[in-house]
Every structure is written in C-alpha cells, then in structure tokens.
1. Give me the Kirkwood hydrodynamic radius of the range 99-244 in Å, from all C-alpha pairs, to one decimal place?
2. Work out from phi, with θ = phi - 60° and the Karplus expression 6.51 cos²θ - 1.76 cosθ + 1.60, the ³J(HN,Hα) of each residue of the range 107-113, listed in order in whole Hz, and give x for Gly and Pro.
3. Using only alpha-carbon positions, what ratio does the radius of gyration of the range 211-354 give when scaled by 2.2 N^0.38 Å?
4. Amide H neighbours of Ala144 under 5 Å, at least 5 residues apart or on other chains, H built in the peptide plane: list them.
5. Sorting check: for 314-323, 208-217, 97-106, which peptide has the highest mean count of neighbouring beta carbons within 10 Å, and how do the rest follow?
6. Between Thr318 and Asp143, what is 0.36 nm times their sequence separation minus the Cα-Cα distance? Round to one decimal in nm.
7. If you filter the range 279-354 for chymotrypsin sites (Phe, Trp or Tyr not before Pro), then keep DSSP loop positions with at most 12 other Cβ within 10 Å, what is left?
8. How far apart, in nanometres, would the label points at Glu195 and Tyr109 be if each is projected 7 angstrom from Cα along the Cα-to-Cβ direction?
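Derivation of every value follows stated rules applied to the coordinates shown; laboratory data play no part. Please read all numbers here as calculations on a predicted model, not as lab measurements. Cβ atoms come from the backbone with ideal geometry, glycine included; neighbour counts cover every protein chain shown.
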Amino acid sequence: MFNYFSVHWMFCVVCVGLLFDENLLDTIKYGIKCNYLNCLWLSLECEIEMLVTNKELMVNARKGGYGVGAFNVQNLESVKAIVEAAVEEKSPAILQITPSVIKYAGMGYITSIVKNAGDEVAVPLAMHLDHGEDYETAIKCVDAGFTSVMIDGSFLSFEENIAVSKRVVDYAHAKGVSVEAELGKLAGVEERSVEEKDAILTDPNTAVEFVEKTGIDTLAVAIGTSHGAYKFKSAAKLDLDRLKLINEKVSIPLVLHGSSSVPAWICEKATKYGATLDGAKGVAEDQLQQAIKLGIAKINIDTDLRLAFTATVREVLTNSTKEFDPRKILGPAKDAMKEVAKGKMRLFGSSGKA
Ligand SMILES: [Zn+2]
C-alpha cells in the first residue's frame, strides 16, 4: 500500500485518511490525484504510482472470472494502441516488453513511454517483462520500474528453473514487484526458438512443487499454444483437461502464452496488400474463453497486433503512393492495433472491469 505514495502522504490528510479506506484507496490509485478531492494540503500533492502489479490485476481477474490481456509493445504506437483500447473499453491491461524490445528501443525510452501512460490514464496498467531470459535481466527490469517480471527458466532443468525463479522472487518481492515463471516448454519463435517436437506440456504435479518451492505469483503453463503465427498444422486444440487439473492443484493465477487467434480477416487484408502468410493458424476464440474459466487470468497477445499493424501499413502504402509522412502511415496502423486489442478485451471479459 505504501508503494503508492511518496513521503508526502505523511503530511496529507486525504492520503492518511486513505490508509484506512481500502475502497477509496483503489479509486485514488487508479487515477484521481488527491488535490481533486479538495485536499487541505494542495501544495503537498501526493505522488501516486499509477502502474500496478500483474498479481493485483490477475487476482482480481480470477475472482471476477475474466482474463486480462497482456499485449506486447515495442514503440510509441503500440503503447498508445493498447492504452487507448484500455481507456475506451474501461479495461485493465498489461503492457509487456521483451528483452529484444529493450535492445531495440532502449530501456529508458520504452519504460518512460509506458510509465507516462500509467500517469496519464485512469485505468490500471501493469508494465511486465516478457520472457526475462536470466536473473540479471529480471533484476535490471525490477530496478527500472517494471511492476512485474517473468523469469523464463523453461529451457533449464527443473531444479535450475526453481533456483533461478526463487532468486528472482526474493529480489522482486522485496521491491513490491510480482513474478511470473514458466513450467513446460512452448513451441514456436519468441526470444528463443523451440521446435514443435521439443515442446513439453506442463505436468500438474510438478507444477504444485514448482509453485511451492519458488514462491512465484503467477504461473505460465504449456497446454498446446505456441509462439508466432503458425501455431497448428492440423486441428487447433488446447489440452483443457490438463489445464483443469493444474488449476485444481495450483492456487495462483495462470498465464497462457502464444494466444493469438490469427483471425482470417487480418490475414486476408495483409495478403491483399502483398503479405505471404500461407498456413498461418491461431487459437480459436472459444478455446481461450474456456481456458479463462479454467484459471487462465493473463492471456498473451503479440502476433495478432503485429499482423493488424503490418496489414494496415501495407494498405496505406499501397493505396496512397504519394504519402511519405510517417504519422499518416503509422497512425492508421496504430488504430488497427487498437481495434484488435479492444476486441480481445471484450473476448476475455475484462471490458468494464477497470
Ligand atoms: Zn511467451
């Protein structure tokens, strides 16, 4: 609770009052600064940290029976797309950043954009490290102001995965940051490429041991999804029986990676303007909704956003051959991304939950 206030809270009667009122605290935390409440100490405005943790969003989601979209962002346009979607849908949202995005955009640039979004809007947002590849990367992100980090030790042995996840938990929890770890191995291309034959589904019994020994807040499970736009060669089916078992045994909220649906309409639009996406196939929307009923509280979406963005860039460049203003090219692409994100929020049931 104290994370949300600067030292000023000690002098501010509204904030001191808030410490005894959890409901009002939530309202304040999500966007109304105390000087709007006729605070007697206007000159000592409370500084309220607007970004929240994944744990907080996901525990609420699980209680409410909905899922929170975790959307990958790379730049100004993608952050604005997700934040505008969250505001218009009155939905919580997780903005997630991979190590390769940190390399691409720079830690200071990308985190500043997300933090600024958190300060500007009145819906709860989290800034999450997606696929933190080692301890050093995870703690660097904790120190840079991420409210949640993933330590992905899924490529390590079970014991090594426990050890590195536990180390990250010890560091992150001391700073009020929540931790996601992964058990099992998803196929596909993300920070690391994993061949389909090397994918391993999560075992429910070892999941219990993993959660107990690491102290993580949320667990990413492998139940048949994969990273990228080519998820299934034949029938697209998730192992929901396995998910049900994991959910019965594990008490923390669960995470589903690689959950894009690769909608036909986006692929058709991209193809119409020159993309080659033969065989692209994602997770059916009704399977995602069933997974949410079985304990999935965070659904990772990257591919669908990329497809929507790129299809629109292609469309603009094809239709407006005289256009060379980047804003006129990237603006419509950002809007297309926003519409996809809004659709996900409605699908996952998080609309209206902020
Ligand atoms: Zn992932």
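1. Working: mean 1/r = 0.0615 Å⁻¹.
For the range 99-244, the Kirkwood estimate is 16.3 Å.
2. 4, x, 5, 6, 6, 5, 5
3. Numbers: Rg = 17.6 Å, N = 144, 2.2 N^0.38 = 14.5 Å.
Expressed relative to 2.2 N^0.38 Å, the Cα Rg reads 1.21.
4. Those lying under 5 Å, H to H, from Ala144: there are none.
5. On the way: 314-323: 12.7, 208-217: 18.9, 97-106: 17.1.
Packing order, densest peptide first, comes out as 208-217, 97-106, 314-323.
6. The Thr318-Asp143 span can extend by a further 58.6 nm.
7. Phe324
8. Here the modelled spin labels are 3.6 nm apart.
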